[in-house]
Amino acid sequence: GCFVFKPSSKKRRLSDKTGHDFRSTSSDSEDTELRFVTCQSLWNQIKLETQQIQEDLNKQLLDNLVSFLSRSHSDFQEKTTKWTCRMKFREIPTAALVLGVNVTDHDLTFRSLSDVLQESITPYVAFLEAKDCPGIKNLMQKLMGQLMNCDIEVDSLEDEDCVQVSQNRIRCSMPSLISWYESVTQKTDPETPSKKRNSSSRHWQFPPVVVIFKDMESFTTKVLKDFIVISSQHIHELPLVLVFGIATSPMIIHRLLPHSVSSLLCIELFQSLSCKDHLSTIIDKLLLTSQFPFKLGVKVLQVLINIFLYHDFSVQNFVKGFQLCIVEHFYSQPLSVLCCHLVDIKKRIYSLSHDQCENIRRLPSFRRYVEKQESGTQVALLTNDNFLKEETENLLEDLHAYHENYVLILRCLHVFTSSLPKYPLGKQIRELHCACLENQVWETEEYESSLQLARMLNKSDLVTMLQQCVEILMSSPGKEFDKTVEKLKEFLTQFQNLEEASQEQDVSVSSQKELQKKTDLYHLQKTLLELKESRKSKKLTKFEMLRFEVVDYIDRLVRKYLVPADNRTLYEIMYFNAATVLRGHLNAAPRTALHMALNNPHWYLKNQALKCDGGGISNKAPDICIVYKLHLECGRLINLVDWLEAFSTVVMAAEEPNADAASSDQVDDIIHARFIRAVSELELLGFIKPSKQKTDHVARLTWGGC
């Protein structure tokens, strides 16, 4: 097995997954510190935006949970008939929180829930995980330890079950928990018993005790059953509320618990937002916006989306991958110093050195741009740095304008494609975005199919789409699309004034219904061809002519503004396209990494004294490196005695012979202990295993080069 120990996030510096740090890079660039500051500032903005998005997406879910807990809490406060009835049947208020299979994102939701509860409902919130609760004793210890804000002292004796609070040991049992709850809730002013809220606190006088089972599927039936049965017997004394974190289906409650136990729960179901919808919102707010100058290339974006769809459905991991792209881009691209907002570009451009200007001239997109210029302009661009800087400023301004226009027209195109009976270009805007980045989208078969389907839409759908496009384009602060908005409004006016014959309306509606019935590609193409042939033999109506005109106008906008980013000059400054590098970081190859580390420890330890030429073995290398290199020279079975002698020979190579026998025996014991430890570490990493054929041999498990 491989064990990873992650450093504290507070101590972690902004560096990429390979260990690169901007302040320790060996690059010759003069603006390394500025790139680091720009990268850090950009990531902080994106991080804040991501947190705000997640808060907005979880707001409704958290509000519903708080409302549920408040109702349960108020019943206990007022001792109403409802609470009395619940006491009679010993029902425990329970929230079944279905969060989805993206387990790595659950912690963020639970932290947000805990913050909201502690702010407005109750200070008594406990989180329980299955790995910490193999038995009811451990569960009670963990529960009381968290509620009492104390460290858990697990007694080694089976008959004792206590936690340490200050100098006193409290027995972990439900009566002890009730006694503690009564003591902390009775500290309020006795003269004001009628007040619902504690005058010195923002919480209620008798706040509920919320127990959150973060991974309910992993708990054993016995533990859950015992806890629920015990709790239900004391529900009239302790306002307990349970929250079940569920990754699969609410039916897991009835599969884990028998009816006699589940009937003790008053369950209310809560469903979180789908992780796919969450991802679409993240991409929409972070990538399809002109707020952030940094962009992802199509191959990089596809790598991140594929990892999300085919591995973990984790939005948090997608965001971490996005962060890695930012760090890698600013570390590897010297010109990333210009990946900033327009207000900062001018100042930075005119402070570029001659070497930086040469870096601009080496960009493939800039070379294509130079080749299209006149000879005099070409000479100036390649020899005059000041002229180059002026031209670079104009090109970067055009690139920023391209981003703003691209996003607006992309949203307009998505309005049309997402409303079609079929989805040739995908239903999600991220799928359409990838298609536009990858190729000239108007040359694809999917785009042509979408246009043909759009030419068969009815009047109400077209009017709705045009109204949405007008709203999108009017949100632009510039005047680029003023004429476009006027043209779309003109189309809307023509549709309103158009009176179409009922027969032609029926034909249009029936053709659309026919398309909706035919689900396979063969029948869809056949229907489209038949409709195309039928139009040739009859005269188009006014409505059909206007519909064709609208679709053609949208097509012209697409061809003008949705040009792939790699066709734009200087796109390399703002786009990260190193998909291979990203895949190497995210798709781990642990065996290769271990082989490199054990074979070349001087790279990782930054100690050239450990380097050996010609395949030799340095006696200064770590013991595990020596043992690993020796094991590579062996066959399927390795004799431990021979291996130990070879290890001892390498370790003792640089030491002088010692005549003292006692001292020599002591050294042999030390070498023997070092060898045993190194072999154990190799076994832990999975390179060897004990052999059943011979007791003094081990079997080798890895072969071939990495």
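Give the range 106-123 a look and list any residue that's open to solvent by less than 40 Å² (accessible area, probe 1.4 Å) and over 17 Å from residue 246 (Cα atoms), or say none.
117, 121, 122
Search the range 124-139 for residues being in contact with a Lys or Arg (Cβ under 9 Å, 6 or more places away or on another chain) and of a type outside the set (Asp, Glu), and hand back the single one that is surrounded by the most Cβ atoms within 10 Å (Cβ to Cβ). Explain how you work it out, then say what you get.
To start, the set of residues in the range 124-139 that are in contact with a Lys or Arg (Cβ under 9 Å, 6 or more places away or on another chain) comprises 126-130, 132-133, 135-136.
Of the ones still in play, those that are also of a type outside the set (Asp, Glu) are 126-128, 130, 133, 135-136.
Working: 126: 18, 127: 20, 128: 24, 130: 17, 133: 22, 135: 13, 136: 18.
Among residues in the range 124-139 that are in contact with a Lys or Arg (Cβ under 9 Å, 6 or more places away or on another chain) and of a type outside the set (Asp, Glu), the one surrounded by the most Cβ atoms within 10 Å (Cβ to Cβ) is 128.
Given the conditions (1) closer than 19 Å to residue 247 by Cα; (2) open to solvent by less than 50 Å² (accessible area, probe 1.4 Å); (3) at pLDDT 90 or above, report the number of the one that residue 53 does not fulfil.
In the conditions (1) closer than 19 Å to residue 247 by Cα; (2) open to solvent by less than 50 Å² (accessible area, probe 1.4 Å); (3) at pLDDT 90 or above, residue 53 misses (1) alone.
Among the residues of the range 437-456, write down those that are in contact with an Asp or Glu (Cβ under 9 Å, 6 or more places away or on another chain), more than 22 Å from residue 543 (Cβ to Cβ) and aliphatic (A, V, I, L, M).
437
Look through the range 436-457, keep the residues that are open to solvent by 30 Å² or more (accessible area, probe 1.4 Å) and part of a helix (DSSP H, G or I), and return whichever of them is nearest to residue 300 (Cα to Cα).
Initial filter on the range 436-457 (open to solvent by 30 Å² or more (accessible area, probe 1.4 Å)): 438-440, 442-446, 448-449, 452, 455.
Going one step further and asking which of them are part of a helix (DSSP H, G or I), we end up with 438, 442-443, 445-446, 448-449, 452.
Working: 438: 11, 442: 22, 443: 22, 445: 24, 446: 22, 448: 26, 449: 27, 452: 31 Å.
Of everything passing the filter in the range 436-457, 438 is nearest to residue 300 (Cα to Cα).
Kindly indicate whether residue 535 is surrounded by fewer than 16 Cβ atoms within 10 Å (Cβ to Cβ) and at pLDDT below 70. Spell out the reasoning first.
Numbers: surrounded by fewer than 16 Cβ atoms within 10 Å (Cβ to Cβ): yes; at pLDDT below 70: yes.
Spelling it out, residue 535 is indeed surrounded by fewer than 16 Cβ atoms within 10 Å (Cβ to Cβ) and at pLDDT below 70.
So the check is Cβ under 7 Å with 6+ separation or different chains; which pairs have a first residue in the range 296-323 that's farther than 22 Å from residue 48 by Cβ and assigned by the TED database to the domain that holds residue 428 and a second one that's open to solvent by 40 Å² or more (accessible area, probe 1.4 Å) and of a type outside the set (Phe, Trp, Tyr)?
297/577; 298/438; 299/577; 300/577; 303/583; 307/586; 312/104; 313/101
For residue 427, all conditions in the list (1) buried (at least 19 other Cβ atoms within 10 Å of the Cβ); (2) out of contact with any Asp or Glu (no Cβ under 9 Å at 6 or more places or on another chain); (3) outside any helix (DSSP H, G or I) hold save one; what is the number of the exception?
Going through (1) buried (at least 19 other Cβ atoms within 10 Å of the Cβ); (2) out of contact with any Asp or Glu (no Cβ under 9 Å at 6 or more places or on another chain); (3) outside any helix (DSSP H, G or I) one by one, residue 427 breaks only (1).
Tell me, yes or no, whether the range 611-629 has at least one residue that is touching a helix residue (DSSP H, G or I) at 6+ places or on another chain (Cβ under 9 Å), in a helix (DSSP H, G or I) and under 30 Å from residue 325 (Cα atoms).
no
Report, by residue number, each residue of the range 234-268 that is out of contact with any helix residue (DSSP H, G or I) (no Cβ under 8 Å at 6 or more places or on another chain) and either at pLDDT below 90 or open to solvent by 50 Å² or more (accessible area, probe 1.4 Å) (or both).
Once the filter is applied, which keeps residues that are out of contact with any helix residue (DSSP H, G or I) (no Cβ under 8 Å at 6 or more places or on another chain) and either at pLDDT below 90 or open to solvent by 50 Å² or more (accessible area, probe 1.4 Å) (or both), the range 234-268 yields 251, 255, 259, 260, 263.
Criterion first (open to solvent by less than 80 Å² (accessible area, probe 1.4 Å) and more than 26 Å from residue 479 (Cα to Cα)) does residue 339 satisfy it?
Numbers: open to solvent by less than 80 Å² (accessible area, probe 1.4 Å): yes; more than 26 Å from residue 479 (Cα to Cα): no.
For residue 339, the condition - open to solvent by less than 80 Å² (accessible area, probe 1.4 Å) and more than 26 Å from residue 479 (Cα to Cα) - is not met.
Does residue 332 qualify as being open to solvent by 20 Å² or more (accessible area, probe 1.4 Å), closer than 30 Å to residue 33 by Cβ and of a type in the set (S, T, N, Q)? Walk me through how you get there before you give the answer.
Numbers: open to solvent by 20 Å² or more (accessible area, probe 1.4 Å): yes; closer than 30 Å to residue 33 by Cβ: yes; of a type in the set (S, T, N, Q): yes.
Criteria met by residue 332.
Before we move on, is residue 223 in contact with a Pro (Cβ under 6 Å, 6 or more places away or on another chain) and either under 20 Å from residue 136 (Cβ atoms) or basic (Lys, Arg) (or both)? Spell out how you get there, then give the answer.
Numbers: in contact with a Pro (Cβ under 6 Å, 6 or more places away or on another chain): no; either under 20 Å from residue 136 (Cβ atoms) or basic (Lys, Arg) (or both): yes.
Answer is no for this residue.
If we keep just the residues of the range 169-195 that are open to solvent by 100 Å² or more (accessible area, probe 1.4 Å) and not in a loop (DSSP other than H, G, I, E, B), which is modelled with the lowest pLDDT?
Of the range 169-195, the ones open to solvent by 100 Å² or more (accessible area, probe 1.4 Å) are 169, 171, 186-187, 190-191, 194-195.
With not in a loop (DSSP other than H, G, I, E, B) added as a condition, the list becomes 169, 171.
Values: 169: 54, 171: 71.
Filtering first and then ranking leaves 169.
Which number in (1) buried (at least 16 other Cβ atoms within 10 Å of the Cβ); (2) at pLDDT 90 or above; (3) in a helix (DSSP H, G or I) marks the one condition that residue 594 misses?
Of everything listed in (1) buried (at least 16 other Cβ atoms within 10 Å of the Cβ); (2) at pLDDT 90 or above; (3) in a helix (DSSP H, G or I), residue 594 misses just condition (2).
Quick check, is residue 605 of a type outside the set (Gly, Ala, Ser) and at pLDDT 80 or above?
On the way: of a type outside the set (Gly, Ala, Ser): yes; at pLDDT 80 or above: yes.
So residue 605 fits the description; yes.
Within the range 351-411, which helices (runs of 4 or more DSSP H) (wholly inside it) include 3 or more residues that are of a type in the set (A, V, I, L, M, F, W, C) and either more than 38 Å from the chain's Cα centre (by Cα) or surrounded by fewer than 16 Cβ atoms within 10 Å (Cβ to Cβ) (or both)?
Values: elements: 354-362, 364-371, 375-383.
Because the criterion is at least 3 residues that are of a type in the set (A, V, I, L, M, F, W, C) and either more than 38 Å from the chain's Cα centre (by Cα) or surrounded by fewer than 16 Cβ atoms within 10 Å (Cβ to Cβ) (or both), the helices (runs of 4 or more DSSP H) in the range 351-411 that meet it are 375-383.
Somewhere in the range 377-400, is a residue out of contact with any helix residue (DSSP H, G or I) (no Cβ under 6 Å at 6 or more places or on another chain), assigned by the TED database to the domain that holds residue 305 and aromatic (Phe, Trp, Tyr)?
For the range 377-400, residues out of contact with any helix residue (DSSP H, G or I) (no Cβ under 6 Å at 6 or more places or on another chain), assigned by the TED database to the domain that holds residue 305 and aromatic (Phe, Trp, Tyr): absent.
State all residues of the range 415-424 that are in a helix (DSSP H, G or I) and either open to solvent by 40 Å² or more (accessible area, probe 1.4 Å) or aliphatic (A, V, I, L, M) (or both); if no residue qualifies, say none.
Our first condition is that a residue be in a helix (DSSP H, G or I); within the range 415-424, this holds for 415-417.
Passing the criteria: only 415.
So for the range 649-671 (the condition being in contact with a Leu (Cβ under 9 Å, 6 or more places away or on another chain), open to solvent by less than 80 Å² (accessible area, probe 1.4 Å), at pLDDT below 90 and not in a helix (DSSP H, G or I)), does at least one residue qualify?
no
I'd like to check something: does the range 283-291 contain any residue that is part of a helix (DSSP H, G or I), touching a helix residue (DSSP H, G or I) at 6+ places or on another chain (Cβ under 6 Å), within 24 Å of residue 320 (Cα to Cα) and charged (D, E, K, R)?
The answer is yes, given that some residue of the range 283-291 is part of a helix (DSSP H, G or I), touching a helix residue (DSSP H, G or I) at 6+ places or on another chain (Cβ under 6 Å), within 24 Å of residue 320 (Cα to Cα) and charged (D, E, K, R).
The values are calculated or read from the model by the stated rules, or taken from the named source; none is laboratory data. None of the values given here were measured: they were computed from a predicted structure. So basically every Cβ, Gly included, is an ideal-geometry build from the backbone, and we count neighbours across all protein chains shown. All accessible areas refer to the heavy atoms of the entire protein, side chains included, with ligands and DNA or RNA removed. Shrake-Rupley method; radii C 1.70, N 1.55, O 1.52, S 1.80 Å.
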